[in-house]
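Beneath this line is the structure, given in structure tokens, with notes to follow.
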Amino acid sequence: TQLLEQSPQFLSIQEGENLTVYCNSSSVFSSLQWYRQEPGEGPVLLVTVVTGGEVKKLKRLTFQFGDARKDSSLHITAAQPGDTGLYLCAGSRGWGSARQLTFGSGTQLTVLP
Amino acid sequence: GAGVSQSPRYKVAKRGQDVALRCDPISGHVSLFWYQQALGQGPEFLTYFQNEAQLDKSGLPSDRFFAERPEGSVSTLKIQRTQQEDSAVYLCASSLSSGTNTGELFFGEGSRLTVL
């Protein structure tokens, strides 16, 4: 059972469109991370958010941590084919305690040229 | 090497065979994790080492799964009497262990196990 639910599970869009991926839980997390995974590779960290309400931007990607630290969103502006991949959120319930990292179910994003 | 290295990348086993999966973490990383990832799903935690000590093995699905890290560096995940439901990608990750970081994990490319 995944403690972190991601939606949508699959998303296929045209190049240039905007999109938002959601990560929701009934549990409170001390921090939340977003990873991107490409086929045949391991997940790669994109960002870590720690404070409730925090917003972080990474080029065309905007990450937000919910005020109650139970949910997060990832918004991509003007998506490009290179953004294609499996996006995973992962919540930690212990500061500096990576062993408590729980992954979400993932959103498979396909950006068509 | 610069990253986490896993071997073999692909393993096909007949049901009932034993398999061993190897992980070579980033040099100097004291924390090491094993995750199991089913197709199209997020990784599921299996076990965690800090140096040579296995501090958490709560995610191991059965007593057929065993992991070790005898010298606090290379780790091996062993699966005895493999079953079809063991088919998955097994990911290894390492991390600097610190009281102030948020546990960024550096993943290997994974070992894809297929049990026939």
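The values are calculated or read from the model by the stated rules, or taken from the named source; none is laboratory data. Bear in mind the structure is a predicted one, so any value in this text is a computation, not a measurement. Backbone-built Cβ (ideal geometry, glycine too); neighbour counts: all protein chains shown. Only protein heavy atoms, including side chains, enter the accessible area calculation; ligands, DNA and RNA are left aside. Shrake-Rupley method; radii C 1.70, N 1.55, O 1.52, S 1.80 Å.
Conditions (1) without any contact (Cβ under 8 Å) to a residue 40 or more places away in the chain; (2) more than 24 Å from B:Cys92 (Cα to Cα), marked per residue:
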site	(1), (2)
A:Leu45	yes, no
A:Val50	yes, yes
A:Leu58	yes, yes
A:Leu61	yes, yes
A:Ala79	no, yes
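Is it the case that some residue within the range A:26-34 is hydrophobic (A, V, I, L, M, F, W, C), modelled with pLDDT of 95 or more and under 13 Å from the mean Cα position of the chain (by Cα)?
To start, the set of residues in the range A:26-34 that are hydrophobic (A, V, I, L, M, F, W, C) comprises A:28-29, A:32, A:34.
From what's left, modelled with pLDDT of 95 or more: A:34.
If we keep only those that are under 13 Å from the mean Cα position of the chain (by Cα) as well, we get A:34.
Yes, that holds for at least one residue.
Scanning the range A:2-23 for residues that are away from chain B (no Cβ under 12 Å) and more than 14 Å from A:Tyr87 (Cβ to Cβ) yields A:Gln14, A:Glu15, A:Gly16, A:Glu17, A:Asn18.
Residue by residue, here is whether (1) of a type in the set (Phe, Trp, Tyr); (2) more than 26 Å from B:Leu96 (Cβ to Cβ) holds:
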site	(1), (2)
B:Asp24	no, no
B:Val30	no, no
B:Gln37	no, no
B:Phe45	yes, no
B:Glu52	no, no
B:Pro61	no, yes
B:Leu77	no, no
B:Thr82	no, yes
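Of the strands (runs of 3 or more DSSP E) that lie entirely inside the range B:30-80, those containing 2 or more residues that are touching a residue at least 60 places away in the same chain (Cβ under 8 Å) and crowded, with 22+ Cβ neighbours inside 10 Å span B:31-37.
Right, B:Leu21: open to solvent by less than 30 Å² (accessible area, probe 1.4 Å), modelled with pLDDT of 95 or more and not basic (Lys, Arg) or not?
Values: open to solvent by less than 30 Å² (accessible area, probe 1.4 Å): yes; modelled with pLDDT of 95 or more: yes; not basic (Lys, Arg): yes.
Answer is yes for this residue.
Examine the range B:88-96 for a residue that is surrounded by fewer than 19 Cβ atoms within 10 Å (Cβ to Cβ), at pLDDT below 95 and either more than 15 Å from the chain's Cα centre (by Cα) or closer than 25 Å to A:Gln37 by Cα (or both), and state whether such a residue exists.
First pass over the range B:88-96, keeping only residues surrounded by fewer than 19 Cβ atoms within 10 Å (Cβ to Cβ): B:96.
In the following step, the residues that additionally are at pLDDT below 95 were identified as B:96.
Filter once more, so that each one left must be either more than 15 Å from the chain's Cα centre (by Cα) or closer than 25 Å to A:Gln37 by Cα (or both): B:96.
Looking through the range B:88-96, at least one residue is surrounded by fewer than 19 Cβ atoms within 10 Å (Cβ to Cβ), at pLDDT below 95 and either more than 15 Å from the chain's Cα centre (by Cα) or closer than 25 Å to A:Gln37 by Cα (or both).
When B:Ser73, B:Ser111 are screened for being more than 21 Å from A:Leu3 (Cβ to Cβ), within 11 Å of the chain's Cα centre (by Cα) and not acidic (Asp, Glu), only B:Ser111 passes. Taken together, the residues in the range A:31-48 that are part of a loop (DSSP other than H, G, I, E, B), open to solvent by less than 20 Å² (accessible area, probe 1.4 Å) and under 16 Å from A:Gly82 (Cα atoms) amount to 1.
Take B:Leu55 and tell me if it is within 11 Å of another protein chain (Cβ to nearest Cβ) and of a type in the set (A, V, I, L, M, F, W, C). It is true that B:Leu55 is within 11 Å of another protein chain (Cβ to nearest Cβ) and of a type in the set (A, V, I, L, M, F, W, C).
The number of residues in the range A:86-112 that are in contact with an Asp or Glu (Cβ under 8 Å, 6 or more places away or on another chain) and at pLDDT 95 or above comes to 4. The residue that is farthest from the chain's Cα centre (by Cα), among those in the range A:68-91 that are of a type in the set (Val, Ile, Thr) and open to solvent by less than 50 Å² (accessible area, probe 1.4 Å), is A:Thr84.
Looking at the range A:1-30, which of its residues are assigned to a loop (DSSP other than H, G, I, E, B) and open to solvent by less than 40 Å² (accessible area, probe 1.4 Å)? Don't jump to the end; show me each part of the working.
Here is the first cut: in the range A:1-30, the residues assigned to a loop (DSSP other than H, G, I, E, B) are A:1-4, A:8-9, A:15-18, A:25-30.
Hits for the range A:1-30 are A:Gln2, A:Leu4, A:Ser25, A:Ser27, A:Phe29, A:Ser30.
Within the range A:70-87, the set of residues being away from chain B (no Cβ under 13 Å) and out of contact with any Cys (no Cβ under 8 Å at 6 or more places or on another chain) comprises A:Lys70, A:His75, A:Ile76, A:Thr77, A:Ala78, A:Ala79, A:Gln80, A:Pro81, A:Gly82, A:Asp83, A:Thr84. Taken over the range A:49-67, the criterion of being part of a strand (DSSP E or B) and open to solvent by less than 60 Å² (accessible area, probe 1.4 Å) is satisfied by A:Val49, A:Leu61, A:Thr62, A:Phe63, A:Phe65.
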